[in-house]
Structures are given as C-alpha cells and as structure tokens.
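Working notes for the structure below.
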Amino acid sequence: MRLSTQQIFQTGLNGMLQQQNTLNNLSEQLSTGNALNNPASNPTAYGQVLNLGSRLANLSNYQQNNQYVQQNLNQSSSTLQSVGTLINQVQQLAVQMNNGTVNGNDLQNAINAMQGNLQQLVQLANTQNANGKYIYGGSRDNSPPFALQSNGQVIYQGDGGTNFLQIGPALSVPSNQPGNAIFMDIPAGNGTFTVTPSSGNYSAGSSGTVTLDPGSVLDPGAAQNAFVAQGASYQISISQGSSGMTYTVSSGTGNPPMSWNPISSGSYVAGQSIEIPGPNGPMAQITAQGTPGLGQTDTFTLQAARPQSLFQTFQDIITALQAGAGSVTANTQRAQGLSNALANLSAAQTQLLSTQAAIGSQLQAAQSVSTLNSNLSQQFQTTQSSLADINYPEVITQFQESSTALQAAQKAFAQVQGLSLFQYI
C-alpha cells in the first residue's frame with residue numbers, strides 16, 4: 001500500500017482536529033454540566049428534555065396561579081371570620097338594647113357604635129389582596145364593589161361573575177367570590193317568611209306591647225307553596241276588648257292583598273304560639289308576647305322572605321334604636337325591630353358559615369393540587385436530570401483521556417513533520 005506525503009500529513013491533521021473537537025465537547029459539558037449541548041449527539045434524549053422542560057414550565061405557571069388562589073382564599077376566610085366577629089358584637093349590642101331600662105344616652109351611644117360597625121362592614125367587604133384586587137367584586141375586581149351612600153344605604157357595584165385561574169392541566173378554580181352572594185342576597189326573617197308590624201301599632205295613643213318572634217316553619221312544603229308559589233300573605237291581629245283578648249289569622253294574595261279572609265281565631269294569652277293553618281295541618285307557628293291596649297288591635301303581616309343585605313340589617317338596627325326610649329310605644333317598636341334584625345343576623349351568620357365551608361373546600365382542593373404538582377415537578381426534574389446531566393467522574397476521565405490522546409497525536413505529527421520528505425512540502 002502506497003501512501004503519499006500529503007495523505008500522511010492530512011491523516012495526522014484530521015486526528016488532531018478530531019481529538020480537539022472531542023476535547024472541546026467534553027470541556028463544554030464540564031463547564032455547563034449538560035450532556036446535551038449538541039442536540040445531534042443524542043436527538044432522542046434532547047427531544048425528551050425539551051418536552052420535560054415545557055411540562056415543567058406549565059407546572060410552574062400552575063403553581064404560581066395556585067399560590068395566588070390560596071392567598072386569596074386564605075385572605076377571604078380571614079376576612080369573613082372578622083365579619084363573623086363583627087356580627088357577634090352587633091348581636092350582643094342588639095340584645096343589650098332590647099329592654100325597657102335603657103335611656104336616651106344608652107341608645108345614642110349604641111347608634112354611634114352601629115354607624116361605626118356599618119362603616120367597618122363596608123371596609124371588610126371592600127378588602128383588597130396583595131395585588132390591589134377587590135376579592136368580593138366578582139369579575140369586576142379593579143374598583144370597590146360596595147359603596148356607602150349618604151342615606152346609610154349600601155349599593156353593590158361588582159357583579160355575580162367569578163375570575164378563574166388554571167391550577168392544573170384540566171382544573172380551573174375561582175380566585176375570588178362575588179360579594180352579592182355573601183353580603184347582599186341573604187334570606188330575611190326565618191328564611192321562609194318575614195314579620196312586619198303595622199305602623200298603626202305605634203301610633204299616638206297606642207299602649208300595646210305586642211311583639212312577634214320570627215316564627216318557625218312546621219311544614220316546609222306547604223309553607224313554600226303558600227308563600228312563594230301562591231304569593232300568599234298572612235295577617236295576625238291581636239285585639240283587647242271588653243270581653244278579653246283574642247287573635248285572628250287572615251290570609252290574602254297580592255302585594256298588598258286587596259282583602260283579608262279570616263282562616264282561624266281564638267283567645268289570646270301573652271306568650272302563646274299562634275299557628276298558621278295549612279292544607280294538612282299547621283304549616284307554621286309564631287310566638288306573641290305582650291298585650292294590646294284596651295280597645296286596640298295590633299296587626300302584623302307575614303310575607304315571603306325576600307333577600308336582604310347584611311348592610312340593610314345593620315341599618316335596620318340603627319332605625320330600631322332611633323325609635324327612642326321612655327315610652328311603652330317606643331320600647332315596643334324598638335323590641336320588634338330588634339327582634340326582626342336579630343333573625344336577619346342569624347340568617348347572615350348561616351350564609352357566612354356556608355361560604356366559609358365552601359372556601360375551606362376550595363382551599364383544601366388547591367393544596368392537594370399543589371402537592372400533586374410539586375411531586376410531578378420533582379419527577380420531571382429527576383428524569384430531565386438523568387437525561388441531560390453529566391456524570392462528572394466519567395466525563396473528567398474522558399477529558400483526561402482525550403487530552404492525553406491529543407498530546408500524543410500532536411507529538412506524533414511533529415515527529416512525522418521532521419522526516420525529510422516533509423521538509424520539501
């Protein structure tokens with residue numbers, strides 16, 4: 001086999017270049033810790049690493065959304081706990097003011113306290129998260145959802161929507177709550193019907209002390225059908241004449257009813273329960289306290305419960321306290337107003353607890369998904385590392401071997417160059 005001088009020269013040069021290329025690749029792997037700096041070296045592994053990187057990026061976004069959701073849910077839960085504490089304070093105040101021994105100063109102090117409580121409630125309902133978003137504004141979370149008017153009324157400026165964030169491949173959860181469902185749409189009274197006293201009960205010259213409690217439902221199906229489906233109203237009249245005290249229960253339809261039709265009556269004794277007849281027996285009962293004035297009749301209307309805001313309930317307490325003190329009529333009017341307000345506060349507490357339970361479930365689900373995402377991220381990172389990360393001892397050994405081979409090739413090439421034929425090239 002004959003070798004030309006040029007061929008021998010080129011072979012030696014190619015060997016050195018090959019060793020230098022290998023040495024450069026190994027040096028780059030050692031400096032970066034990545035075995036896939038050159039995709040062509042292992043296309044399959046390189047493609048798997050790219051796919052894992054994309055999935056890890058998605059998981060990172062999910063975890064960021066999850067963290068934001070959990071922060072909002074925790075803040076909402078904490079805020080609603082503060083609202084619950086405020087409601088408890090208002091209940092205690094209402095009970096304290098619901099007696100005939102309070103004076104004008106007591107009532108004025110209570111009114112001032114309630115006005116402060118109303119403002120505090122609005123502030124809590126306008127809570128913002130760390131990003132300045134209003135957590136109870138629904139999808140309109142860039143402006144305060146609740147506005148306190150000069151007349152003491154509070155209006156809702158948010159909406160019933162909800163902002164959703166994706167916290168998993170196929171899982172989106174609400175990041176906030178619409179405030180109208182928490183603070184505005186609360187069933188009044190006992191949830192089925194409300195009790196409204198006639199204004200004539202407290203007119204000048206009245207000496208009646210009759211008050212009604214919120215009542216209780218005995219037959220939910222019949223009560224729902226009567227009050228809601230049929231739109232019926234009921235009137236309870238308690239009178240005191242020369243022959244004693246009596247009560248009458250009447251029914252009517254329309255708002256207000258055009259006429260009242262008596263459906264039951266009987267002798268009245270303070271503290272007794274008055275039943276509201278239904279198709280299959282009593283469908284509800286209500287307890288009356290106090291007595292009407294001689295020759296007078298106190299009337300109360302029972303109608304289907306309508307949604308009422310917690311703000312309005314606070315305002316109703318202020319109105320009841322403004323009835324004043326020092327007279328039988330003022331005390332009775334205040335007692336009935338506070339009784340109705342206490343029932344509404346109880347309904348608000350029930351709605352609040354239901355919302356807190358839902359938030360707790362959402363928070364638990366978000367935490368579970370967060371744990372799952374963390375485990376997946378760890379698995380993907382481990383797999384990615386096994387594909388892309390170098391084995392330092394092995395690469396260092398290869399680097400040393402390649403460096404030795406390059407030095408040997410360079411030495412051999414130098415010696416070949418010293419041969420006489422190369423001196424003429």
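The values are calculated or read from the model by the stated rules, or taken from the named source; none is laboratory data. Just so it is clear, the structure is predicted and the values come from calculations on it, not from any experiment. Every residue, glycine among them, receives a Cβ derived from its backbone with ideal geometry; neighbour counts consider all protein chains shown. Keep in mind that these areas ignore ligands, DNA and RNA; they rest on the heavy atoms of the full protein, side chains included. Shrake-Rupley method; radii C 1.70, N 1.55, O 1.52, S 1.80 Å.
What number of residues within region 94-127 satisfy the criterion of being under 27 Å from S143 (Cα atoms) and β-branched (V, I, T)?
2
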Given the conditions (1) farther than 15 Å from L302 by Cβ; (2) of a type in the set (S, T, N, Q); (3) in contact with a strand residue (DSSP E or B) (Cβ under 7 Å, 6 or more places away or on another chain), which single one is not true for Q235?
(1)
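Give the residue, chosen from N112, N66, N117, N74, that is open to solvent by 70 Å² or more (accessible area, probe 1.4 Å), among the polar types (S, T, N, Q) and touching a helix residue (DSSP H, G or I) at 6+ places or on another chain (Cβ under 8 Å).
Of the residues listed, the single one that is open to solvent by 70 Å² or more (accessible area, probe 1.4 Å), among the polar types (S, T, N, Q) and touching a helix residue (DSSP H, G or I) at 6+ places or on another chain (Cβ under 8 Å) is N74.
Yes or no, residue by residue, for (1) in contact (Cβ under 8 Å) with a residue 60 or more places away in the chain; (2) within 21 Å of S216 (Cα to Cα); (3) β-branched (V, I, T):
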| residue | (1), (2), (3) |
| --- | --- |
| N340 | yes, yes, no |
| N344 | yes, yes, no |
| A348 | yes, yes, no |
| T355 | yes, no, yes |
| G360 | yes, no, no |
| Q364 | no, no, no |
| S368 | no, no, no |
| L376 | yes, no, no |
In region 92-109, how many are assigned to a helix (DSSP H, G or I) and open to solvent by 40 Å² or more (accessible area, probe 1.4 Å)?
8
Given the conditions (1) at pLDDT 90 or above; (2) surrounded by 14 or more Cβ atoms within 10 Å (Cβ to Cβ); (3) more than 18 Å from A348 (Cβ to Cβ); (4) of a type outside the set (S, T, N, Q), and given that D159 satisfies all but one, which numbered condition is not satisfied?
(1)
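Hey, any hits in region 183-194 for a residue that's touching a residue at least 24 places away in the same chain (Cβ under 8 Å), within 30 Å of Q119 (Cβ to Cβ) and more than 32 Å from the chain's Cα centre (by Cα)? Reasoning before the result, please.
Our first condition is that a residue be touching a residue at least 24 places away in the same chain (Cβ under 8 Å); within region 183-194, this holds for 183-194.
After this cut, where a residue has to be within 30 Å of Q119 (Cβ to Cβ) as well, the list is 183-191, 194.
Subsequent filtering for residues that are more than 32 Å from the chain's Cα centre (by Cα) retains none.
No; the residues of region 183-194 include none that is touching a residue at least 24 places away in the same chain (Cβ under 8 Å), within 30 Å of Q119 (Cβ to Cβ) and more than 32 Å from the chain's Cα centre (by Cα).
Which strands (runs of 3 or more DSSP E) sit wholly inside region 273-335 and have at least 3 residues that are open to solvent by 10 Å² or more (accessible area, probe 1.4 Å), hydrophobic (A, V, I, L, M, F, W, C) and more than 27 Å from I155 (Cα to Cα)?
Numbers: elements: 273-278, 281-289, 297-304.
The strands (runs of 3 or more DSSP E) meeting that bar number zero.
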Hey, can you tell me all the residues within region 128-148 that are open to solvent by less than 20 Å² (accessible area, probe 1.4 Å) and more than 14 Å from N180 (Cα to Cα)?
N129
